[in-house]
Amino acid sequence: MAKQQQIDKITLISLFMNYVTDHQYHPASIEEFCDLHDIKKSEFKTHFSSFKAIEKEIFYLFFHNTVNALAQDQAYATFDSKNKVLSMYYTFFENLAANRAYVVQALKTDTNGIQSLKKLKKLKKNYILYIANLDLDRIDLGQPAIENVQIKALQQSAWIQLLLILKFWLEDTSKDFEKTDVFIEKSINTTFHLIDTKLLKSVIDLGKFILKEKKHFKL
């Protein structure tokens with residue numbers, strides 16, 4: 001009988017991803033998975049409580065590795081917010097592409113989309129934190145409560161944008177996912193045009209002027 005081996009977290013994740021990719025489904029149980037790889041169940045439980053916990057960790061690591069790679073790029077530190085986000089997206093989807101067989105299987109097997117989103121829960125938390133740390137320009141509305149709503153709306157919008165791009169990428173059959181790259185660029189450009197504070201301030205200033213001088217605008 002083979003001696004059961006100790007195993008680290010990353011190796012365990014790799015074995016799980018390979019199993020899902022090769023079989024097109026999850027192991028029936030933790031016991032089956034551990035027996036297949038001569039791993040003690042207690043060793044598995046040291047790192048993860050369930051397969052769902054592994055799935056959440058995998059998508060988090062795709063993003064975590066992306067941010068770490070960017071942090072080591074000296075040029076990235078000099079970029080403005082828009083180009084930082086673009087670099088993040090390109091790097092993140094390169095990481096996904098390197099593991100496409102697993103990602104497609106993990107996200108497309110669930111008939112219930114909500115279940116897929118649960119796999120992205122840890123990713124979402126860290127992605128929103130990343131967006132928050134960019135310190136994007138916002139309109140100073142002078143109302144803390146409204147400011148908080150504005151911040152949360154920006155972060156949630158950014159998350160929805162990531163999900164839309166991810167869905168597009170899953171269906172993209174173009175060479176080297178060129179269409180996804182174009183979609184990323186156009187999406188980010190549009191987003192930063194919409195949150196351009198100079199433009200918004202001009203619209204607000206115009207609105208204030210019209211309200212102040214409304215007698216001149218009566219038809």
For this session: Scan the range 166-202 for residues that are surrounded by fewer than 10 Cβ atoms within 10 Å (Cβ to Cβ), farther than 20 Å from residue 82 by Cα and at pLDDT below 80 and report the count.
Result: 0
Seminar exercise, completed: Selection from the range 22-36 of residues open to solvent by 40 Å² or more (accessible area, probe 1.4 Å) and free of Cβ contacts under 8 Å to residues at least 24 places away in the same chain yields 22, 23, 28, 31, 32, 35, 36
Seminar exercise, completed: Of the residues in the range 56-87, those that are of a type in the set (D, E, K, R), modelled with pLDDT under 95 and open to solvent by less than 20 Å² (accessible area, probe 1.4 Å) number 0
Exercise. Can you tell me how many residues in the range 108-130 are open to solvent by less than 60 Å² (accessible area, probe 1.4 Å) and modelled with pLDDT of 90 or more?
Worked result: 7
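The values are calculated or read from the model by the stated rules, or taken from the named source; none is laboratory data. Predicted model, so just to flag it, every value in this text is computed and none were measured. We place every Cβ from the backbone using ideal geometry, glycine too, and count neighbours over all the protein chains shown. When the accessible area is computed, the model is the full protein with side chains, heavy atoms only, and any ligands, DNA or RNA have been set aside. Shrake-Rupley method; radii C 1.70, N 1.55, O 1.52, S 1.80 Å.
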